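Structure provided below as structure tokens; questions to follow.
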Amino acid sequence: MNVVSTAPNPPVATENSERALRQAARALARSGLVHAYGHCSVRLDAEHFLVCAAKPMGTLLPSDAGTVVRTAGALPDGVLGEVRIHQQVYARRPEVGAICRIMPPQTGLLALLKRTPRARHGFGAYFAKPDGSGPVLWDDPRLLRDDAAAGRLADTLAAGNALVMRANGAVVVGANLIEAVSLAWFLEEAARVETGLMALGQDGDHSLLSADETIARQVVAGRVYERMWEHLTFGDPEPVDPV
């Protein structure tokens, strides 16, 4: 594993953390949420996180170790430039324990119209804001290859759990890998419903959940995230205790 830090005693990722991160990456790939591009990470402590190897996520092997990155400072050699997004989000959001940078097709299609999915069914409810809007839109198609832009994106995400990028995928965050990966799938499912209703001409306010219905569907009891994680990772060659 490549550990880069100026701290006296940088953390060392456990083997379970390494395996869980690879498992998350492969699950996102199998679900069609990433392709050649995308990355995910898991927090190690207040100032460090582990990001997956800079390879297509579906190709990660048990021998592909991640890299420990600081939440501030230059990126280590070999780490993808947009991992700056992870840095900026982790630095601002101490409650965030994992981040998925994904390329979901239906979500991306909506973003080209400067739209994000709204709360029209259960999965869409997880991203709804009090004003009825869905995930925030980052209205800039350029790659984020500098700290200032990544910082502005993190500020735009604010306290949300997802941000959709016009012509450039999405960022989803969670308290841990289970939540972040599950929410990534939820986001794309919400977008699939949105585009389906658009095709039917039924994407008006009449097909939205009410405020009360939305709140009622934002439930996580009953192993909601855990069951989705088990579904997405079933059959993975590296069974682990998820982190």
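Please treat every number below as a calculation from the coordinates, not as lab data. Predicted model only: the values in this text are computed from it and were never measured. As a convention, Cβ positions derive from the backbone with ideal geometry for all residues, glycine included, and neighbour counts pool all protein chains shown.
For Cα pairs less than 8 Å apart in space and 6+ apart in sequence, what is the mean separation divided by the residue count of the chain, i.e. the relative contact order in percent?
Taking the mean separation of contacting Cα pairs over the length of the chain, I get 23 percent.
Now for a separate question. Can you give the angle from 0 to 90° between the axis of helix 15-30 and the longest principal axis of the chain, with both taken from C-alpha atoms, to the nearest 10?
Here the helix axis deviates by roughly 40 degrees.
Starting from the stretch 1-100, pick out the chymotrypsin sites (Phe, Trp or Tyr not before Pro) whose DSSP state is loop and whose Cβ has at most 16 other Cβ atoms within 10 Å.
Passing both the DSSP loop test and the Cβ count: TYR37.
Compute the longest continuous run of the chain that contains no exposed trypsin sites (Lys or Arg not before Pro); treat a site as exposed when its DSSP state is not H, G, I, E or B and it has at most 15 other Cβ atoms within 10 Å.
1-113
Å³ per residue of the Cα convex hull, for the stretch 65-177?
116
I would also like to ask the following. Compute the angle between helix 83-92 and the longest alpha-carbon principal axis of the chain, please, reported from 0 to 90 degrees and rounded to the nearest 10.
Taking Cα atoms only, the helix is inclined about 80 degrees.
In whole angstrom, how far apart do the alpha carbon centroids of the stretch 110-128 and the stretch 60-103 sit?
Cα centres, the stretch 110-128 to the stretch 60-103: 26 Å.
For the chain, what is the calculated [θ] at 222 nm in deg cm²/dmol (nearest 500), taking -39500 (n - 2.57) for each run of four or more DSSP H residues and dividing by its residue count?
Using -39500 (n - 2.57) per qualifying helix, the result is -11500 deg cm²/dmol.
Simple spin-label model, 7 Å along Cα-to-Cβ: GLU238 to THR59 in nm?
Modelled inter-label distance: 1.6 nm.
Search the structure for amide H atoms under 5 Å from the amide H of TRP138, placed 1.01 Å from N in the peptide plane, and list their residues when 5 or more places away or on another chain.
VAL164, MET165, ARG166
Which residues' amide hydrogens lie under 5 Å from the amide hydrogen of HIS48, considering only partners 5 or more residues apart or on another chain, with H built in the peptide plane?
Amide H neighbours of HIS48, under 5 Å, 5+ apart: THR71.
Report the one residue of TYR126, ASN16, LEU80 whose Cα lies farthest in the direction of the positive end of the charge dipole of the stretch 2-233 (charges on C-beta: Lys and Arg +1, Asp and Glu -1; origin at the Cα centre).
LEU80
Please provide three numbers in whole Å: the alpha-carbon extents of the stretch 21-109 along the principal axes, with the largest listed first.
The principal-axis extents, from largest down, are 32, 31, 21 Å.
Please list, short to long, the whole-number percent of alpha-carbon pairs of the stretch 2-233 in consecutive 10 angstrom bins beginning at zero.
The calculated distribution, bin by bin, is 8, 34, 37, 16, 4, 0.
Read phi for every residue in the stretch 115-120 and hand back ³J(HN,Hα) as whole Hz from Karplus 6.51 cos²θ - 1.76 cosθ + 1.60, θ = phi - 60°, with x for Gly and Pro.
Residue by residue, the stretch 115-120 yields 10, 10, x, 10, 7, 10 Hz.
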